[in-house]
Every structure is written in C-alpha cells, then in structure tokens.
1. If I filter region 37-63 down to residues being more than 12 Å from the chain's Cα centre (by Cα) and farther than 15 Å from Ser79 by Cα, which single residue comes out as modelled with the lowest pLDDT?
2. Gly118 passes all but one of (1) under 11 Å from the mean Cα position of the chain (by Cα); (2) surrounded by fewer than 17 Cβ atoms within 10 Å (Cβ to Cβ); which number fails?
3. Of everything in region 67-91, what is over 13 Å from Ser101 (Cβ atoms), basic (Lys, Arg) and outside any loop (DSSP other than H, G, I, E, B)? Give them in sequence order.
4. Are any residues in region 41-55 exposed (fewer than 14 other Cβ atoms within 10 Å of the Cβ) and either among the aliphatic types (A, V, I, L, M) or under 20 Å from Ile96 (Cα atoms) (or both), and if so, which ones?
5. Name, by its number, the condition in (1) surrounded by 12 or more Cβ atoms within 10 Å (Cβ to Cβ); (2) small (Gly, Ala, Ser); (3) within 20 Å of Ile29 (Cα to Cα) that does not hold for Gly146.
6. Hey, Asn105 hits all of (1) over 15 Å from the mean Cα position of the chain (by Cα); (2) surrounded by 15 or more Cβ atoms within 10 Å (Cβ to Cβ) but one; which does it fall short on?
7. Restricted to region 92-102, and to residues that are outside any strand (DSSP E or B) and over 13 Å from Ile58 (Cα atoms), which residue is nearest to the chain's Cα centre (by Cα)?
8. Report, by residue number, each residue of region 13-27 that is modelled with pLDDT of 80 or more and either outside any loop (DSSP other than H, G, I, E, B) or of a type in the set (Asp, Glu) (or both).
Amino acid sequence: MKYRLIIDKEAEEEIVAVVHAPSSLTQQIENLVCSYSGEDFLMGYRDDEMRRLAFSDIECITILSRKVIAVDKDGVRFSLRERLRDLEEILPSYFIRINRSALANEHRILRFDAVFSGGVDAVFQCGYREYVSRRCFAEIRRRYEGI
C-alpha cells in the first residue's frame, strides 16, 4: 500500500483513494473525510473563560439543566452554544450517542459499569460517569462485535 500527501495551498483540496476492494479501513477513511468540517475544535465557555476544546480532548457532551455541556479530559465542564443534534453532524465518527441527551468520545471511554438498577454507565478517563441507554448499548455492542 502506498500513501502520498501533497500540500499545495493553491490547489483545491481533494482526496482520492485507489483500492482493490472496499474494507473496514476504506469505510473508516470515508467516515473521517465526510465528517471533517475543516475545524477540529469547539468553543467552550466557563464563567469568564472562553476556551478552544479540541475534539480529542472532549470526553462527553451532555445536556445538564437544559444546557449543552462538554466535559473535557480533566473533568472540567464547559458550556457550548451549539445544539446537541447540530454537534452530532459535525463531530467525527468516534463520537457515539450513548443516550438521548449525550454523545461520548469512544476513545476516552475507560469502561462500562453495570449499576444496581440494572442499567449501564460509561466511565470516562477523567472519572465522569454517564448513563448508557439500553438501545444505545445494544448498538455499541454490535459495533464492537463487528470488529
């Protein structure tokens, strides 16, 4: 397999992949290219602070008290101005829905814990926990079993 990257500020951006047959790698490449919006960060707000939050540093995006909140890798919560369904369209494919009001960075999920009530929580690397709905957990399970 060959890889070639040409950086030319004058040329129009184009990505071409020549393969013998589609595979999981070509699907991942297509998902990455199609989900890329040109930016890889969101603006987060906390008290008097405004910070660029890189997608890779965001562990979870959820709704708390009717506000969209991003939890970063240190467990700090930032308010976002975008709506959750709009974020779902611009975030990379490694952000997965874990319940009706939360998106999770699957690279930052440490483990899934069963809770006493019979449900499942996603535990993130910073220690933050978020409920995983049964429907979403079934989809996540199918996703991992397909690997």
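1. Ser37
2. Result: Gly118 passes all but (1).
3. Scanning region 67-91 gives a single hit, Arg77.
4. Within region 41-55, Phe41, Met50, Ala54 meet the criteria.
5. (1)
6. Evaluating Asn105 over (1) over 15 Å from the mean Cα position of the chain (by Cα); (2) surrounded by 15 or more Cβ atoms within 10 Å (Cβ to Cβ) leaves (1) as the failure.
7. Residues of region 92-102 that are outside any strand (DSSP E or B), as a first pass: 92-94, 100-101.
From what is left, the residues that are over 13 Å from Ile58 (Cα atoms) are 93, 100-101.
Numbers: Ser93: 6, Arg100: 15, Ser101: 14 Å.
Here the answer is Ser93.
8. Listed by number, the residues that qualify are Ser24, Leu25, Thr26, Gln27.
The values are calculated or read from the model by the stated rules, or taken from the named source; none is laboratory data. Model, not experiment: these values are computed from the prediction. Ideal geometry is used to build each Cβ from the backbone, glycine not excepted, and the neighbour counts take in all protein chains shown.
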